[in-house]
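The values are calculated or read from the model by the stated rules, or taken from the named source; none is laboratory data. Here the structure is a predicted model, which means the values were calculated and not measured. Here the Cβ is made from the backbone with ideal geometry for all residues, glycine too, and neighbour counts use every protein chain on show.
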Amino acid sequence: MMRNGTAGVPASRGWLRITWSPESGVSMVSGDSEGLLGVSARRLVRSAEPLTLLPSEISGILASGLPDVPVYLATSIMSGSVCTIGSHAEVVLFGIPGLQGRSDVMIDELGAGILGTDRNGVINLWNKSMSSMFRVPQQHVKGKAIQDVLVSPVLYSWENVIKMVLEGKQMKIVCRPDAQRRIECNFTLGGNGVIGTCFDTTESFQAENRLRTSRKMNQAYFHSVSTGLVLFDKDYRILVANRSFGRVFGLVENLLGMHLQEILPSESYEIMEDLARPFFSGNTFEKEEGRTAYFTLPDRSTRVILQDVHPIVEDSGEVFYAVGIFEDISEITILRENYVKHVETVRGLNGFFEMLQSGRALNSGEICEKLRECLAADAVALYLTDPVSDNRLSGRSKGWPEDSPEVFQELRFAPVMMDKGSGCRLSGEDQGVLAGLFSSCLVFPLESERKSFGYLVVSYRGSEPATDVFPMAEIASGMIRSYLGIVEYETETEHLDLLCMRQNELIARLVDSLDIPVAIFRMDWSVVIWNTPMEEITGVSPDLATGRPELAANILFNGLGGLSSAQKLLRSDSSDFPESWVVENQDGESTRCTWRILRTESVEGRNLEPVIILAGVKSGDVHSINAARRAAETYSALSRGTSSLLAASDRNRVEEAAATALLDISGASRVTVRIRGIKPVTRTSYDLTPEESTDYWTLPIETETEVIGECQFHGGREYAMMKDFLKNVARTCVELEKSAVGRKFAFLAERAAGRFLITNSKGRILLSTWTEGQEGSVSNRTIFDMFSGTEWQILDAAITGVQTKGRLDLSLTSTEGQDVQMAAVTLDGHEGEILIIWWPVSDPSYKRALENMEMARRSGNALRDMLDHLLESIDLSFSRVKEVLNPDHPVASLLNTSGYAFEGMRKGYYYVRLMQTAMNTVPGRVDVEELLNGVMSCLVDRGLDSPDVTITGSLSDISGQPELIREIVTRLCMLVCDRSAPVIAVSVVRRCSLHTPQGPREGPEQYTQLELRTVDGGRYRGIPLEVEEHQGQWNFESGIDPASEIRLLSLVLSLSGGYLRRSEKSGNLLILLPCSD
């Protein structure tokens, strides 16, 4: 298609546009082709070789095909550009002279932006493409300076661009209208000013940015992988290498341009050369499997590298470059090799242990030789303690120097501090006299808790095995230590058996040589020893006593009351003082003796057996003996009483211990102990006569500063020691009063088997023995950290619930995801601060009890639901019978009475259910707005007017059980506003502003207050003045009136953590609900 003057169509002079493609040649010519090129448009279109007709500047560009980027042209007579659009190229040319006088119509049709200025930089030419590129309307630019219209070009200013073009230079610049766009411009001289051609190259600019980002990402990945990568050419010179390649070979400098042979160890380079040679020679492109190189770096570290080569094949099929891949597998390879060697060493040690446990006698040399084989050592020596000298050489293996010192201290090892049971590694001069013979020595002390046996020395001449042999040698030294201990124990056991046998013989001879009667019995009263004086008193020979022990025992203990009395005397430990009784022999002769009976242990073979020793002396002074026994009993009673005081855990036990001890010490018939704050305790030894019951004497129970009680005695006598004992009683009670919390804590710690937490009311852990190794440690964690597997709302509700209920059983999930059954109780801490103690429940029976309680709770809920349904059904039945039945019918009055009774029963059950719910539920977080919406719905469902609710300020969530609080508020509205709509004013008040006799003195800092009044401002009917009066007896014989209902609801609200009171100013009813933290 042609558009020029030769085709008969008027065309503007000074510009030309040609469309060309490699396949079809010139397909369209527009503009003045003859004026600019001297060739007609028809000739260009019909020519088979149109490039020969075009100027050399244009034909040279098109001869190589379609250009990838726009090309700018500038000659002395014309300027323009060559751009690729789709599958063809578009050539746009402008003649230099007289361009301003041409029509702007054809310029506006061009895809390139055309810009012209005068010599001062004032714009006089601006086509539509410029408006599209820079987004400036064409009518707003004419007559304006170029720097006022366009953003400054990159690296230049518009003043410099105009100046340099006017100086005859062709300027190529880049404009960036915004961060994501790029416009390239070419400025040359034209007419009386400057002509510029602009092209939007945003797409190529964004492609370049994407390519640059991708290149950066590849570089980051290239340098971050742990595998060493290197690109090298046919001369094995490094072109690119990542950081891991340098780390593998211990290099950090720049490696570019260096030869691989200069860097890689010979073992590694030979493998790389063998793998890459077939690729570079062109013999084959089949890749071999990777190979493994073993070498040692200059720092003496061993490396095991898996190496591989991948060729980069050009389009021509040749290979000029290759990529080397180096995978460091040193650690896993060495670990695998060490594992095999460790297994072999362990097998050897097992054989060594079996040899030690074989039971046969082993000499030290045999032990050393076997151990040398197990540890792959060059020599092993064993130095053992000699009874009369220092540690001496007891045995050695092959390789141990013949002229080495016989005494361990003469080896002159370095004075290394060796802990008990641990050894050390010596090398160099630290080896003492062995320094020139071995490269290293492992020295282990052979010590037990009872004895030091000596030392074990394991020596190496070269380097030690690749595996760390020290732990294995340490295990072997422990085996030898155990073996030596067993050998010594067997020797000591044989020696003790001999000593025991000789000791028993000595005791038998000693007892038989005594002048007093002595007999030794086993616990079944069989005779062990029966000496000659005992035979003379009883008339029973040793052989007869041994053969018939029951005869000997009956004769010996008949005067005491028989064998049962002797057993009782032995069990009661009352033989601390001698007993006296008469022994009558078989001939009827009687002898009074003072006897001492005691229980001890005797050696029978290798066992200790309990025995009974009975020894006596002839005595006739019975009164002195009884007096001494009485003194001993008094002292014993005082000792037992003092021990009971020390062991008492509360004042009640102190009072009981004091009464028991004073009864024994004083000899009174009755003792009564009265201590302030607890009930009196009375102990009686026998029943009192009427005269004795009125005759008594007292002693005060006092400290240095105050009297805390008294002790009343009936009979008996006063001893000086009793006053000191009572002072100890008083001091013990005072100390226990001060440590009430400590006693509770000790009890709970004992129940918790040492695992417990103590937190404050916010959940912060104050004391913890939960974590192993931190007994009684103070922690900065919270209960929420310990049981992070549990939702925080559940833990928050549990903290509130245990403060309300006093004790709580619950299941929590620990940080590790383990479910733990916990128990928690509250205590009053310092200055009234609430402490919560948590401990895990581990007793299976208690866990079963908790499960049964949970099942009982569910069953109770189901029964209450059933009763609610039955009550509703009975109420409906009464209503229907009342509607049908004639009022004059005799049954009507009975039904009315039954109806009233049923209404009272239903109301009583209603409040019982509310109180059980309040006592058995754990409070949670309640949204106040949802609570008020529930109250309004309940009132409307029951046929009452919807309340008028006003809210002042912002609201916080409250703590409680949603359904229970909603029921309480609803019932109060029905009671106080039964004839008109209730008004509920909601606000948040601080606890400090509620310090009234009815207000809370402890608890949360803020409360949500619901103030109830009637919409008409009327007075309450039947509402008590003191709504929180919970003291005294409750009497519901005449039914539950509104005042009683108010008090019951106040009680239920108190169980839920809230308060109910009347306003001192207005008299309105105030409901106080605790705010959640």
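For the reader, a short list of remarks on this structure follows.
- Check on Glu536, assigned to a helix (DSSP H, G or I), surrounded by fewer than 15 Cβ atoms within 10 Å (Cβ to Cβ) and touching a Phe, Trp or Tyr at 6+ places or on another chain (Cβ under 8 Å): no
- Considering residues of the stretch 269-314 that are charged (D, E, K, R), modelled with pLDDT of 85 or more and part of a strand (DSSP E or B) only, the residue farthest from Ile334 (Cα to Cα): Asp308
- The stretch 233-252 - residue that is in contact with a strand residue (DSSP E or B) (Cβ under 9 Å, 6 or more places away or on another chain) and of a type in the set (Val, Ile, Thr) and, of those, nearest to Val304 (Cα to Cα): Val248
- Residue in the stretch 208-225 that is farther than 28 Å from Glu331 by Cα, outside any strand (DSSP E or B), without any contact (Cβ under 8 Å) to a residue 12 or more places away in the chain and aliphatic (A, V, I, L, M) present: yes
- Taken over the stretch 310-343, the criterion of being over 53 Å from the mean Cα position of the chain (by Cα) and surrounded by 15 or more Cβ atoms within 10 Å (Cβ to Cβ) is satisfied by Val319, Tyr321.
- Condition check for Gly1022: of a type in the set (Gly, Ala, Ser), surrounded by 12 or more Cβ atoms within 10 Å (Cβ to Cβ) and at pLDDT 70 or above: no
- Among the residues listed as Leu125, Leu115, Leu150, Leu155, the single one being surrounded by fewer than 17 Cβ atoms within 10 Å (Cβ to Cβ) and aliphatic (A, V, I, L, M): Leu155
- Selection of first residues in the stretch 529-546 that are on the phi > 0 side of the Ramachandran plot and of second residues that are assigned to a loop (DSSP other than H, G, I, E, B) and surrounded by fewer than 21 Cβ atoms within 10 Å (Cβ to Cβ), restricted to Cβ pairs under 9 Å at least 6 apart or on distinct chains, gives the following pairs, ordered by first then second residue: Gly539/Asn585; Gly539/Gln586; Gly539/Asp587; Gly539/Glu589.
- Selection status of Cys175, touching a residue at least 60 places away in the same chain (Cβ under 8 Å), within 30 Å of Ala207 (Cα to Cα) and touching a Cys at 6+ places or on another chain (Cβ under 8 Å): no
Yes or no, residue by residue, for (1) part of a loop (DSSP other than H, G, I, E, B); (2) among the β-branched types (Val, Ile, Thr):
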site: Thr117; (1), (2): no, yes
site: Ser129; (1), (2): no, no
site: Val136; (1), (2): yes, yes
site: Val154; (1), (2): yes, yes
site: Asn160; (1), (2): no, no
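- With respect to being crowded, with 19+ Cβ neighbours inside 10 Å, touching a strand residue (DSSP E or B) at 6+ places or on another chain (Cβ under 6 Å) and farther than 30 Å from Tyr72 by Cα, Val230 fits the description.
- Residues being at pLDDT 85 or above and under 20 Å from Pro401 (Cβ atoms) - total across the stretch 442-465: 11
- Listed by position, the helices (runs of 4 or more DSSP H) inside the stretch 713-811 whose residues that are within 22 Å of Glu702 (Cα to Cα) and at pLDDT below 85 number at least 2 are 720-738.
- Test set (1) in contact with a strand residue (DSSP E or B) (Cβ under 9 Å, 6 or more places away or on another chain); (2) modelled with pLDDT of 90 or more; (3) not β-branched (Val, Ile, Thr) - Ser157 fails condition number: (1)
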